[in-house]
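K.L.:
Attaching a single structure in structure tokens format; questions to follow.
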Amino acid sequence: MRPDPRPRHAEPSSTAPDPATFLLLLAVALLLCGAPAPRSAAAPLDAGSLGTRLTPLADSPEYGQVARVADSPSGAILVATRDGLEVRLEGSPGGAPVGRYRGAHPVAGVAGRGTRAYLIHAQGGLSLLDISDPAAPALRTTLVLPVAARHGAVLDDGSIAASSDSFVQVVRLESGSDLRLIQTLSYSDGRRIARIRARHDSLLVAAFRTGALPRLYLTLYRLAPGAESLTPLKEILVNGQGANDLAWDGMIAFVANGSAGILAVDLITNAFLPAVPIVGARFVRAIDADAASVFAAGEAATFQRFARSGARGEILTPQPDETLELEPIAVAAAGGRGVAATRDAVTPAEPDEVGRSQLEFPLSAPAPVTPIEPVRSIGRARRVAVRGGPSTGLAFVAAYTGGLRIYRAGGADTSLVGHLPPLGNGRTMDVAIDPDRADRLYLASGTAGVEVVDISDPAAPVRLGSLVVPGLATAVAVVDPNTVAVARAGVGVSAGVTLVDVSTPTGPAPRGSVNGPFIMDPRSLAVRDTVLFVADEQLGVLSVGIGNPDAPATFGLPSGSSARDLDLLGGGLLPGTTLLVGSRSGGLQVVDVTNPASPVLRSKPLLPPILGVARQGTSALACLGEGGAALVDLTNLAAATVRSVVASGGIPRDAAWTGDTLLIAAGTSVERYLLPPAFPAPTGLEVTLDPEAVVSRARIAWAVAPVAGQVGWSVLRDRGIAANGTTTPRGVNVDELLLDPSARETFDEDLAAGLEHRYRLEAVFEDGRLMTVAEGRIFVPSNSRVGRPYPNPFRRGGGGVALPYRVLSGGGGVTLRVVDVRGRHVRTITATAPAAGGFGEIRWDGRGRDGRTVPTGVYYLYLRGPGLDDARSVVHLR
């Protein structure tokens, strides 16, 4: 029996967020792409604001989906970047993009029609952009989707269908730029959705089901004007076929079917032609089509065009194939030629990672086309170090596949100053500046080892010498003007730390080393006098004695908490006896290393896994990877407290301050924020039990004024005693929706008796940033002291109803307020608690303030007294 093509509504199962994203759930759920275009000038910093997002030092795209904009008046092509999109034109696809939009959250896909473009966010949202001026894409609105999607298809009226593997969500574009989710559908037979495409008011869904007999499903729908759901028109079932991608031009659908090649399906006759393989029967990953051609990209960097012929263009004739530089992930037909987004084929694995991403423009086209060089990314920023003052400072960036890149960092001019390409196949993984020499820095460069670089002229850095070490050089630290320490990742003896003599910079030479198993997977190094601290992914923090560089040795015990990064800066708040440790499983640790053989944990703010940590002034920044970056208040080292979260567009790995400018190495860019390294303490929240409430509830009030760029407030609650006496980063939202910036109070009706309730007020900004601005707490008395009313139901003639209670100390007054279901006051009864404490009861005879018997109905008895604050419901029968 053929499966029913009609969609069924489905609600996805709820799952708990993984630790790496729980801090950003509010920003993700409400502001998935609420970031405006980066400002070129900073607004004055308000005391309540986290800071102002500035233009980045480097902005090198990590390319994803490519989509031709149907009916575009300018011939626009959309290219997804990691946190936004680029707009290119068909006439000049190889030059610089004519327009660019950057948000604050990862992008999974793009789709467009006419002058509208949609961003489909990897974390579950949809943003509408106006591209009527391709040079200035403008955000119009953002909608939260119940299921994170990967692909989208835009209909003529501007509505969009967004698909994941299992769901299609239909979003209607209302008048203006309002978006409304009208339908969420899936299929009952377990099929998986490969891709969706749209033409006019119709939607085509390609799905497949694996098993003993693979099946391909092509389901055609129509969204009628004003309709609240899709109307299924037909479904074509093809046995023995699958789907990886879908193209749709005219009435022919072309399905990329892995190693089988390309399958052409006639949507009028339901006929399909035998699959046409690409050269070498290679796996087809991506496909697109125009009126004359089908463009296919496959494994082994293969790209091939097929000429269309036949009555409906259903017959494909293969043309000469081409080889791309990298592996294709997406392809689009644009201006008669194909455009491919490609990436490294290497599977990401720490400490290595996929390094390159680019757009490629093959020559395959029906007519001769002008050759266009690939548009290459400049490499991912892994580490950043700063030298110089706020206006004259330089940022030195270890850009992985991009080598060493030097930028102006502090003032309005943030241009590239100098560049040193990587050495051979090396990967630039860390940078260390010699504090005693203005002309010297060192690079840890993976297989290329450690490099010595002359930066006396930052515009022309010169590689003086290098030393290959066993394994991969992952980190470097300066011990003294003649010695550096190099961390080595590898297996067995290749893992460890090597001390290197750099007194002759053109010929660095190895000295002593500590190898596995004493050091197993080092990621970061910090030096204090004759002690080298090592962040080891397997063993935690290790102490290595380096008094004799020819015979270094570990001493003391490792911390055992999978350390990834260290920060140890002398002077000021953190003398050289305090170490900040970013770890995979232990969050951020503030450690006293006065005695390196026996470190003492001072405090440990609860955080997800950390990739990097940086400190200046009274602030620390913990880089959380996909989860953004968390700002931690170090004013009290024994109670370090998470104060806010920065939603960064890339994957933060490292950070540094130059004056009041914070630099975050975040993927293919170095983000900048105007943010002083010391920020004001939170003000107090006024938290009281609402005396007017029938059932106990807390009133939370504040006097903090909103600031520029703020879009609302969020109030979060924790229960119980906090670690270190502070508010922890965890919490649940008191309100389901974001509070308006003008709000000054809210109420919490979900109270638990006998526990302290701690509240945190966070300002939420338009680019997803969160800032803790006020805190407060209250103790909710135990409800175990108030018993059950009896009898219940009751009649007046039976002696009324009694409400028992117990108090720990007597002599105080007890007040019983009676209200009806509409909250209207019925009667107040007062009594005195037992003088010695203990049990008592208070009665209501069923009469109101006027002495008359109240009508039949439900009433609430609200009892207050010494340690009493609770309500019970009763039924009165007249």
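K.L.:
What's the extension gain from Asn270 to Ala227 if we count 0.36 nm per residue and subtract their Cα-Cα distance?
P.N.:
Numbers: separation 43, 0.36 × 43 = 15.48 nm, distance 2.64 nm.
Difference between extended and current length: 12.8 nm.
K.L.:
If each residue of separation counts as 0.36 nm, what is the full-extension length gain between Glu686 and Leu755 once their alpha-carbon separation is subtracted? Intermediate values should be presented prior to the final figure.
P.N.:
Numbers: separation 69, 0.36 × 69 = 24.84 nm, distance 1.76 nm.
This chain segment gains 23.1 nm when fully extended.
K.L.:
Based on the mean of other beta carbon atoms within 10 Å per residue, what is the order of 550-560, 252-262, most packed first? Kindly include the intermediate steps, with their values, before the conclusion.
P.N.:
On the way: 550-560: 15.7, 252-262: 24.3.
The packing order, highest mean first, is 252-262, 550-560.
K.L.:
Still on this structure, I have one more. Order 271-283, 437-449 from most to least packed using the mean count of other Cβ atoms within 10 Å. Mind dumping the intermediate values first?
P.N.:
On the way: 271-283: 16.6, 437-449: 22.2.
Result, highest mean first: 437-449, 271-283.
K.L.:
Val144 to Asp71: FRET efficiency via 1/(1 + (r/R0)^6), r the Cβ-Cβ distance, R0 35 Å, to the nearest 0.05? Before the final figure, lay out the partial values.
P.N.:
Details: r = 28 Å, r/R0 = 0.79.
My answer for the efficiency is 0.80.
K.L.:
Run the simple label-point estimate for Thr828 and Val875 please: 7 Å along Cα→C-beta, distance reported in nm.
P.N.:
Once both label points are built, they end up 3.0 nm from each other.
K.L.:
Another question about this same structure. Report the normalised scattering of the chain as log10 I(q)/I(0) at q = 0.06, 0.08 Å⁻¹, calculated by the Debye formula with identical scatterers on the alpha carbons.
P.N.:
The Debye formula, applied to the Cα set alone, gives -0.52, -0.84.
K.L.:
Turning to a different aspect of this structure: Please list the non-local residues whose amide H lies under 5 Å from the amide H of Gly560, H modeled 1.01 Å from N, same-chain partners needing a gap of 5 or more.
P.N.:
Answer set, sorted by chain and number: Gly540, Val541.
K.L.:
Using 1/(1 + (r/R0)^6) with R0 = 51 angstrom and r between the beta carbons of Leu637 and Ile315, what's the FRET efficiency to the nearest 0.05? Write out the running numbers ahead of the final one.
P.N.:
On the way: r = 73 Å, r/R0 = 1.44.
In this case the efficiency is close to 0.10.
K.L.:
Enumerate the amide H contacts of Glu766 below 5 Å, restricted to partners 5 or more residues apart or on another chain; note that Pro and chain-start residues carry no placed amide H.
P.N.:
Long-range HN contacts for Glu766: Val711.
K.L.:
Calculate, in nm to one decimal, what Thr447 and Ala743 gain on full extension: separation in residues at 0.36 nm each, minus their alpha carbon distance.
P.N.:
Numbers: separation 296, 0.36 × 296 = 106.56 nm, distance 5.63 nm.
Here the segment from Thr447 to Ala743 would lengthen by 100.9 nm.
K.L.:
Ok, one more. What does the charge add up to near Ser543, with Lys and Arg as +1, Asp and Glu as -1, over the other residues with Cβ less than 14 Å from its Cβ?
P.N.:
Taking every other residue near Ser543 into account, the sum is -2.
K.L.:
Given the options Val807, Pro214, Gly176, identify the residue whose Cα lies farthest towards the positive end of the charge dipole of the chain (+1 on Cβ of Lys, Arg; -1 on Cβ of Asp, Glu).
P.N.:
Final value for the positive-end residue is Val807.
K.L.:
Here's something else I'd like to know. Considering only protein heavy atoms, with the full assembly of protein chains and a 1.4 angstrom probe, order Asp750, Asp529, Asp430 by accessible area, largest first.
P.N.:
Working: Asp750 85, Asp529 125, Asp430 20 Å².
Descending order: Asp529, Asp750, Asp430.
K.L.:
Still on this structure, I have one more. Is any residue of the stretch 475-502 close enough, with backbone N under 16 Å, to a label point placed 7 angstrom from the Cα of Asp550 along the Cα-Cβ axis, and if so, which?
P.N.:
Under 16 Å, as judged by backbone N against the label point of Asp550, lie 483, 499-502 of the stretch 475-502.
K.L.:
Count charges around Leu126 for me, please; just the other residues with Cβ under 14 Å from its Cβ, Lys/Arg as +1, Asp/Glu as -1.
P.N.:
+3
K.L.:
Using only the Cα atoms, work out Rg/Rh for the stretch 86-220, with Rh taken as the Kirkwood radius, to two decimals. Provide the component values of the computation, followed by the final result.
P.N.:
On the way: Rg = 15.8 Å, Rh = 15.7 Å.
So for the stretch 86-220, dividing Rg by the Kirkwood Rh gives 1.00.
K.L.:
Near Asp245, within a Cβ-to-Cβ distance under 10 Å, what is the net charge of the other residues, with Lys and Arg +1 and Asp and Glu -1?
P.N.:
Details: positive: Arg195, Arg197, Arg285; negative: Asp288.
Net local charge, Asp245 excluded: +2.
K.L.:
May I pose another question? What order do Val541, Val462 take when sorted by accessible area (1.4 Å probe), most exposed first? List each step's numbers first, then the result.
P.N.:
Working: Val541 20, Val462 75 Å².
Largest accessible area first, the list is Val462, Val541.
K.L.:
Using a cut-off of under 13 Å, list every residue of the stretch 57-79 whose amide N is near the label point 7 Å from the Cα of Ala291 along the Cα-to-beta-carbon line.
P.N.:
The answer is 71, whose backbone nitrogens lie closer than 13 Å to the label point.
K.L.:
A further question on this structure: Set the Förster distance to 60 Å, then compute FRET efficiency between Asp133 and Asp845 from the Cβ-Cβ distance, nearest 0.05. Mind dumping the intermediate values first?
P.N.:
Working: r = 76 Å, r/R0 = 1.26.
Efficiency for this residue pair is about 0.20.
K.L.:
Assign one of three labels to the stretch 54-148, namely rounded, prolate or oblate, based on the Cα gyration tensor with a ≥ b ≥ c the square roots of its eigenvalues; rounded applies when a/c is under 1.5, prolate when it is not and a/b is larger than b/c, and oblate otherwise.
P.N.:
Because a/c hits 1.5 or more and a/b fails to exceed b/c, the stretch 54-148 counts as oblate.
K.L.:
What does the charge dipole of the chain about its Cα centre add up to, to the nearest 20 debye, if the Cβ of each Lys and Arg holds +1 and the Cβ of each Asp and Glu holds -1? Intermediate results must be reported in sequence, preceding the final value.
P.N.:
Details: 82 positive and 83 negative charges, 576 e Å.
Dipole about the Cα centre, nearest 20: 2760 debye.
The values are calculated or read from the model by the stated rules, or taken from the named source; none is laboratory data. For clarity, every value in this text was computed on a predicted model and none was experimentally measured. Quick reminder, even Gly has a Cβ in these numbers, built from the backbone with ideal geometry, and neighbours come from all protein chains shown. SASA here: full protein model, heavy atoms, side chains in, ligands and nucleic acids out. Shrake-Rupley method; radii C 1.70, N 1.55, O 1.52, S 1.80 Å.
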